[in-house]
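Notes follow the structure.
The values are calculated or read from the model by the stated rules, or taken from the named source; none is laboratory data. Note that this is a predicted model, so its numbers are computed, not measured. Cβ coordinates were reconstructed from backbone atoms using ideal geometry, including for glycine residues, and neighbour counts include every protein chain displayed. These accessible areas exclude ligands, DNA and RNA; they are computed on the full protein's heavy atoms, side chains included. Shrake-Rupley method; radii C 1.70, N 1.55, O 1.52, S 1.80 Å.
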Amino acid sequence: MDSTQKLAEEIRAFTWHLTRKMAQESTHIGKFTPSQEAVAVRIHQQPGRTGAEISRQLFLTPQSINVTVMTMIDEGFVEVRKSARDGRRRELYLTASGNAEVEKIRAYKTLWLREELDEKLTDEEREQALAALASLKKVLPEL
């Protein structure tokens with residue numbers, strides 16, 4: 001196996017496990033279910049997305065996203081606005097409480113990861129990880 005293949009497999013496995021571990025760690029934080037968190041993060045990243053856009057990004061059916069969004073609207077986390085450009089388009093926005101929940105979850109996940117890095121890596125290993133991430137950002141320059 002060449003080094004590129006090995007690196008690709010290691011990164012894929014690591015990110016898969018890290019994503020799941022972070023989701024597991026934050027299940028008791030905030031008021032969102034995992035699916036609500038996924039939707040809220042997408043809206044937080046780009047306010048004004050539609051349910052259809054979010055369903056494509058999350059690889060979920062529009063029906064399941066609509067159920068999640070309707071629950072979030074009822075709970076006061078999301079609001080729907082008609083597009084100024086196209087009155088048929090229903091855009092989704094987080095309310096102040098929705099944004100606060102996303103920020104609370106992000107802060108908790110960052111704190112959890114920081115504590116893990118601090119406990120399990122030496123200063124030198126953290127510097128090496130930063131250097132490796134700088135190189136990996138060439139793969140996804142939008143990060």
Item checked: Relative pair counts by distance (%), Cα atoms of the chain, 10 Å bins -> 10, 31, 31, 20, 7, 1
Check: Rounded to the nearest 20 Debye, what is the dipole magnitude of the chain about its Cα centre when Lys and Arg each give +1 and Asp and Glu each give -1 at the C-beta?
Finding: 860
Next item on the list: Could you order 14, 77, 59 by accessible surface area, starting with the largest, using a probe radius of 1.4 Å?
Entry: 59, 14, 77
Margin query: As I understand it, the dipole of the chain uses +1 on the Cβ of Lys and Arg and -1 on the Cβ of Asp and Glu, about the Cα centre. Which of 36, 67, 131 lies farthest toward its positive end?
Written below: 67
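Can you sort 121, 60 by 1.4 Å-probe accessible area, starting with the largest? If you can, show how the numbers build up before the last one.
Working: 121 55, 60 80 Å².
I get 60, 121, largest accessible area first.
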Checklist line | Radius of gyration and maximum dimension Dmax of the stretch 31-72, Cα, Å | finding: 9.0, 24
Note to self: Could you give each residue of the stretch 78-83 its phi-based ³J(HN,Hα) in whole Hz, using Karplus coefficients 6.51, -1.76, 1.60 with θ = phi - 60°, and x for Gly or Pro?
What the structure shows: 10, 10, 10, 10, 6, 5
Checklist line | Positive-pole candidate from 100, 84, 15, dipole of the chain, charges at beta carbon | finding: 84
Margin query: So, for the chain, what is the accessible surface per residue at a probe of 1.4 Å, expressed in square angstrom?
Written below: 71
Check: If the limit is 27 Å between Cα atoms, which of 6/31; 21/82; 21/138; 21/120 go over it?
Finding: 6/31; 21/82
Note to self: Need one number: nm distance between label points at residue 111 and residue 93, each 7 Å from Cα along Cα→Cβ, rounded to one decimal.
What the structure shows: 3.0
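Could you look at the chain and say what percent of its accessible area is carbon and sulfur, using a 1.4 Å probe and all protein chains?
Numbers: 5820 of 10200 Å².
C and S atoms contribute 57 percent here.
Based on Cβ point charges of +1 for Lys and Arg and -1 for Asp and Glu, what charge dipole magnitude is obtained for the stretch 13-96 about its Cα centre, in debye rounded to the nearest 20?
Values: 12 positive and 8 negative charges, 64 e Å.
Here the stretch 13-96 has a charge dipole of around 300 debye.
Pull out a ≥ b ≥ c, the square roots of the eigenvalues of the alpha-carbon gyration tensor of the stretch 73-143, then state rounded if a/c is under 1.5, prolate if not and a/b is larger than b/c, and oblate in the remaining case. Don't skip to the end; give the middle numbers.
Values: a/c = 6.74, a/b = 1.97, b/c = 3.42.
Taking the square roots of the gyration eigenvalues as a ≥ b ≥ c, the stretch 73-143 is oblate.
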